[in-house]
Structures are given as C-alpha cells and as structure tokens.
Amino acid sequence: MANDLPEGAPVMLRMSVERENGYLSWLGVQMGDIEFGEANLTIPFDERFTDNEAEPPTVHDGIVTTLVEQTTELAIRTTMPDPVNDRVDLLSTTVNFLDEAAHDLEATASVVDSGDGSAVAEASVESRDPQGTPVTVAAGQGVFRTD
C-alpha cells in the first residue's frame, strides 16, 4: 500500500498537467503512464517550438529542458502523500543534450533518491532525428525540495 498512488491522484495530476497549467497546456504536454516513483510525459512536435536556424528545423533545447524538469517533478510527486497539493520546489535541473529532435518528444523519469526534505529524479528524452530515426536526445536530472 505504501507504494500505491492515492485514489484519484492520477486523474487529478493529468488535469493539472494537461489542462490547468497554462504553459504546459500551450506546449500540448500529455501525461502518459504514471506509477509510484515513475512518470511519462510527451510534447507533440510543433514548428513553433523549433530553432529556425537548423535545417531541417529541430526542437529548441529549452522545450527539451522543460520536459525534463516537468517529468522529474511529476515522478517525485507520485511518491508524495498528497501528489497534487504537496509542495515540490525545483532546486536544480541538469540536462545533457545528446542529439537533435525533429519529432515528438517523450520523457520518462524515475525517482532515484528521496528523504530529509529533498528528492532527485532522472529522466531520458526520446525523439526522432531529422531522418526519422529514433534517438535519445537528452538525459537529465531534477533536484527538488519536498514538504
């Protein structure tokens, strides 16, 4: 029971991510599967999110960073007693860019450590390169203060 999400939490978290957060809603963020300590978010490709200097246009690194930060936060929220309302504040996000993304972005995150008022989660972001080949485009970590 200790590793189960509270009843109704997945629905409330989905509403928070997809509908109630203006920035995430504008990006079209969609929540995939979530479990205790794990989360999955996607951002559908949109030319408005690209770096027009690249040919063909590729997704701007800031969009990838946002996805890492939000997916790691969501993974940590799944471990909280009240995942929707408990306080989770970003302390730092580290993102390593590995390749360019020219299609949808999908991030998967897992909590790697928590306790004493802080938590750490790691994420990887998958996409496709300009030729359509699946690639890992980024790997990152989020560190959060939790209450």
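Points to keep in mind about this one:
- Considering the stretch 7-50, and only residues there that are among the charged types (D, E, K, R) and surrounded by 14 or more Cβ atoms within 10 Å (Cβ to Cβ), the residue that is nearest to Ala138 (Cα to Cα) turns out to be Glu38.
- Within the stretch 87-146, considering residues that are charged (D, E, K, R) and without any contact (Cβ under 8 Å) to a residue 24 or more places away in the chain, the one nearest to Asn40 (Cα to Cα): Glu126
- Count - residues of the stretch 126-147 that are surrounded by fewer than 21 Cβ atoms within 10 Å (Cβ to Cβ), small (Gly, Ala, Ser) and within 15 Å of the chain's Cα centre (by Cα): 1
- Residue check for Leu74: closer than 30 Å to Pro6 by Cβ, in contact (Cβ under 8 Å) with a residue 12 or more places away in the chain and not in a strand (DSSP E or B): yes
- Test result for Ala123, aliphatic (A, V, I, L, M), closer than 28 Å to Pro56 by Cα, surrounded by 14 or more Cβ atoms within 10 Å (Cβ to Cβ) and under 12 Å from the mean Cα position of the chain (by Cα): yes
- Val112 vs. criteria among the β-branched types (Val, Ile, Thr), modelled with pLDDT of 95 or more, crowded, with 18+ Cβ neighbours inside 10 Å and in a strand (DSSP E or B): no
The values are calculated or read from the model by the stated rules, or taken from the named source; none is laboratory data. These numbers come from a predicted model, not from an experiment. Neighbour counts are summed over all protein chains in view; Cβ atoms, including those assigned to glycine, are modelled from backbone coordinates with ideal geometry.
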